[in-house]
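Asker: Below is a structure I'd like to ask you about.
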Amino acid sequence: MNRPSLIKKFDKQAAKYDKRRDSDPLYKFRQRIFPEARGKVLEVAIGSGLNFPCYRSDIELIGLDFSQEMLKKAERAAKDYPFSTTLLQKDVETMVFDENSFDTIISSTSLYAYQKPVDVLNSFQKWCKPEGKILLLEHGICTNKFWAGMQKMIDPLAVRVVGCHQNRNISAMIKQSELKLMREERYLSGLLYMIWAKKGSQKDSN
């Protein structure tokens, strides 16, 4: 799917994402991982700002999203929180930051939409400080064989309708990337991946 079409799909979904603020089905999982964010934090595909309630008051947040409508929702939501927030309408797949720029990098339910998700993970590797953290909450292929088969079956339709792949193996992507996996947890029949990672090294990749 070309980028303008994908952006339009997420623009149309912005109001739906914003409504999840009061009844977010993933909130308990977000709350398990994202309070670990410290210092200068980059959140990619920030959407409507559903992770805001999980963040400490003393972070400096930089949020990216290619959807202007999503950013409008996030900008409004950010006013209710004490931390510093800068929002940028940028595509993470083409964005450039200096190496070692961030203490924490956050991604939640975004890897399914990228054309080259491993390249995005490798960008996280470059942008994260050596002592920093990469925290991911993603959905992908299930461990349950029946549901995994259903995901593979509906994947082409899901991509056309909402721009989201349903059958990506997030664990395999981490292994293919230059990141160093520190911890992984799976929930909801393996559909939901919680990943704690950090900047890898040449030694780690050998």
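Residue-by-condition table, conditions (1) among the polar types (S, T, N, Q); (2) within 17 Å of SER107 (Cβ to Cβ); (3) out of contact with any strand residue (DSSP E or B) (no Cβ under 9 Å at 6 or more places or on another chain); (4) in a loop (DSSP other than H, G, I, E, B):
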position: SER5; (1), (2), (3), (4): yes, no, yes, no
position: ASP11; (1), (2), (3), (4): no, no, yes, no
position: ALA15; (1), (2), (3), (4): no, no, yes, no
position: ARG32; (1), (2), (3), (4): no, yes, no, no
position: ALA74; (1), (2), (3), (4): no, yes, no, no
position: ASP80; (1), (2), (3), (4): no, no, yes, yes
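Asker: OK, next. Would you check if ASP58 is assigned to a strand (DSSP E or B), surrounded by fewer than 19 Cβ atoms within 10 Å (Cβ to Cβ) and either in contact (Cβ under 8 Å) with a residue 24 or more places away in the chain or among the charged types (D, E, K, R) (or both)? Give the steps one after another, and end with the answer.
Answerer: On the way: assigned to a strand (DSSP E or B): no; surrounded by fewer than 19 Cβ atoms within 10 Å (Cβ to Cβ): yes; either in contact (Cβ under 8 Å) with a residue 24 or more places away in the chain or among the charged types (D, E, K, R) (or both): yes.
When the stated conditions are applied, ASP58 does not pass them.
Asker: Under 8 Å between Cβ atoms, which residue pairs at least 6 apart in sequence (or on different chains) link something in the range 39-55 that is closer than 13 Å to ASP18 by Cβ with a partner that is of a type in the set (Asp, Glu)?
Answerer: Going by the 8 Å Cβ cut-off, the qualifying pairs are ILE46/ASP65; GLY47/ASP65; SER48/ASP18; LEU50/ASP24; PHE52/ASP80.
Asker: Looking at LEU42, is it within 18 Å of LYS133 (Cα to Cα), touching a helix residue (DSSP H, G or I) at 6+ places or on another chain (Cβ under 7 Å) and either among the β-branched types (Val, Ile, Thr) or at pLDDT below 95 (or both)? Write out each step before concluding.
Answerer: Details: within 18 Å of LYS133 (Cα to Cα): yes; touching a helix residue (DSSP H, G or I) at 6+ places or on another chain (Cβ under 7 Å): yes; either among the β-branched types (Val, Ile, Thr) or at pLDDT below 95 (or both): no.
No, not satisfied.
Asker: Here is a further query. Of the residues TYR27, TYR55, which single one is more than 26 Å from GLU131 (Cα to Cα) and of a type in the set (Phe, Trp, Tyr)?
Answerer: TYR27
Asker: Just to check your reading of the model, which residue among LEU121, LEU64, LEU135 is assigned to a helix (DSSP H, G or I) and buried (at least 20 other Cβ atoms within 10 Å of the Cβ)? Break it down stepwise before answering.
Answerer: Values: LEU64 fails: assigned to a helix (DSSP H, G or I); LEU135 fails: assigned to a helix (DSSP H, G or I).
Unique residue meeting the criteria: LEU121.
Asker: Let me ask another. Report whether or not MET173 is modelled with pLDDT of 95 or more and outside any strand (DSSP E or B).
Answerer: Numbers: modelled with pLDDT of 95 or more: yes; outside any strand (DSSP E or B): yes.
For MET173, the condition - modelled with pLDDT of 95 or more and outside any strand (DSSP E or B) - is met.
Asker: Considering ARG160, ARG168, which residue is within 26 Å of PHE66 (Cβ to Cβ), under 17 Å from the mean Cα position of the chain (by Cα) and not in a strand (DSSP E or B)?
Answerer: On the way: ARG160 fails: under 17 Å from the mean Cα position of the chain (by Cα).
Within the list ARG160, ARG168, the selection yields ARG168.
Asker: How many residues, within the range 184-199, are assigned to a loop (DSSP other than H, G, I, E, B) and open to solvent by less than 20 Å² (accessible area, probe 1.4 Å)?
Answerer: We begin by selecting, within the range 184-199, every residue assigned to a loop (DSSP other than H, G, I, E, B); these are 188-191, 199.
Remaining after also requiring open to solvent by less than 20 Å² (accessible area, probe 1.4 Å): 190.
Within the range 184-199, residues that are assigned to a loop (DSSP other than H, G, I, E, B) and open to solvent by less than 20 Å² (accessible area, probe 1.4 Å) number 1.
The values are calculated or read from the model by the stated rules, or taken from the named source; none is laboratory data. All values reported here derive from a predicted model rather than from experimental measurement. Every residue, glycine as well, gets a Cβ built from its backbone with ideal geometry; the counts of neighbours run over all protein chains shown. Keep in mind that these areas ignore ligands, DNA and RNA; they rest on the heavy atoms of the full protein, side chains included. Shrake-Rupley method; radii C 1.70, N 1.55, O 1.52, S 1.80 Å.
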